[in-house]
Amino acid sequence: MNFTSSEENYLKSVYHLQSGADSVTTNALAQKLNTRPASVTDMMKKLDAKKLLNYTPYYGFHLTEQGKKAALTIIRRHRLWEVFLAQKLGFEWNEVHSLAEELEHVSSKKLIDKLDAFLNYPDFDPHGDPIPDSRGRLKTDTKLTVDKLPLHQPATVSRVANQSSEMLELLAHKNIRIGTKLEVKKVFPFDNSYEVRLKPNLLITISEQLAKNLFVVYETEQ
């Protein structure tokens, strides 16, 4: 089934909002897409008619299995293009998202499968988000945020939750990227900021907000 770019944007946004929730509200989706609730309602009716989601007025909506499969296909394209842009064309990780937003609407399955093979079947995008495989399966691993990391426990940065350009610029300024090895040396009770040692021997201070948005895995799990 072919979809318009607008339909694909809605499906992807519903998928992200639906994670951890029973249903998605019209207002939440309107805010995420920066559009009017009336426009959301119109699109929900169209997607409901295509059996891509179940929509109940005044309650909310959630993706059907068919809708979830379609959303994961779009997310797969997006994240593979992000890897291509970062690894092969040298774009910075704060540049790839907006470009991939346009490229994700190229719907040729043959092209995307060849892109996946060309990139040697990556599991994660440049921000650490898992890439669905051709069957919609996501690789998962145990992750925790820096604010939950025990003191002196070596860990490796695996994902960034807030992927705004401002957050990625801050991380770049502090020399933190996916794969950076670190450990928390001290927590300052005054503002809950963290003294962090980056390997080999660079001490930096990060805020509590940044620590809550930075996912890591224990270094022994690598």
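Where Lys and Arg each count +1 and Asp and Glu each count -1, what net charge lies around ARG79 among other residues with Cβ under 13 Å from its Cβ? Spell out each step's value before the answer.
On the way: positive: LYS12, ARG76, ARG77, LYS139, ARG159; negative: GLU82, GLU101, GLU104, ASP116, ASP123, ASP125, ASP129, ASP133.
Taking every other residue near ARG79 into account, the sum is -3.
Would you mind putting 171-182, 31-42 in packing order, based on average other-beta-carbon counts within 10 Å, highest first?
Numbers: 171-182: 16.0, 31-42: 13.8.
In descending order of packing, they fall as 171-182, 31-42.
Need the full-extension length gain, THR140 to SER207, defined as separation in residues times 0.36 nm minus the C-alpha distance. One decimal, nm.
21.4 nm
Please compute the net charge surrounding LEU203, taking Lys and Arg as +1 and Asp and Glu as -1 over other residues with Cβ under 10 Å from its Cβ.
Net charge around LEU203: +2.
What is the helix-to-structure angle for 5-18, meaning the angle in degrees between its Cα long axis and the longest Cα principal axis of the chain, kept from 0 to 90 and rounded to the nearest 10?
So the helix axis and the longest Cα principal axis differ by about 50 degrees.
Treating cross-link reach as a plain straight distance, find the aspartates and glutamates whose alpha-carbon is under 12 Å from the alpha-carbon of LYS12, omitting any fewer than eight places away in the same chain.
GLU101, GLU104
Along the three principal axes, how long is the stretch 137-222 when you take its alpha carbons, biggest first, rounded to the nearest angstrom?
43, 30, 23
Rounded to the nearest 500, what is the chain's calculated 222 nm mean residue ellipticity when only DSSP H runs of at least 4 contribute -39500 (n - 2.57) each, over all residues?
Rounded to the nearest 500, the figure is -12500 deg cm²/dmol.
Quick one: net charge around GLN66, please, counting Lys, Arg +1 and Asp, Glu -1 for every other residue with C-beta under 10 Å from its C-beta.
Here the charged neighbours net out to +3.
Tell me which residues come under 5 Å, amide H to amide H, from PHE124 once H is placed; ignore anything under 5 positions away on its chain.
It is ILE131, by chain and number.
Among the lysines, which have Cα under 18 Å from the Cα of LYS186 when same-chain residues fewer than 8 positions away are ignored?
Leaving aside lysines fewer than 8 places away in the same chain, those within reach of LYS186 are LYS148, LYS174, LYS199, LYS212.
State the extension gain, in nm to one decimal, for the chain segment bounded by ARG177 and PHE190, taking 0.36 nm per residue of separation less the distance between their alpha-carbons.
Additional length available on full extension: 2.0 nm.
Relative contact order of the chain: what whole-number percent is it, with Cα pairs under 8 angstrom and at least 6 residues apart?
Values: 309 pairs, mean separation 32.9, N = 222.
Reported as a whole number, the value is 15 percent.
Please state the charge dipole magnitude for the stretch 5-63, taken about the Cα centre, from unit charges on C-beta atoms (+1 on K and R, -1 on D and E), reported in debye and rounded to the nearest 20.
80 debye
Any read-out appearing in this document is the output of simple, stated calculations on the displayed coordinates, not a laboratory observation. This is a predicted model, so every value here is computed, not measured. Note that we place each Cβ from the backbone using ideal geometry, even for glycine, and neighbour counts take in every protein chain shown.
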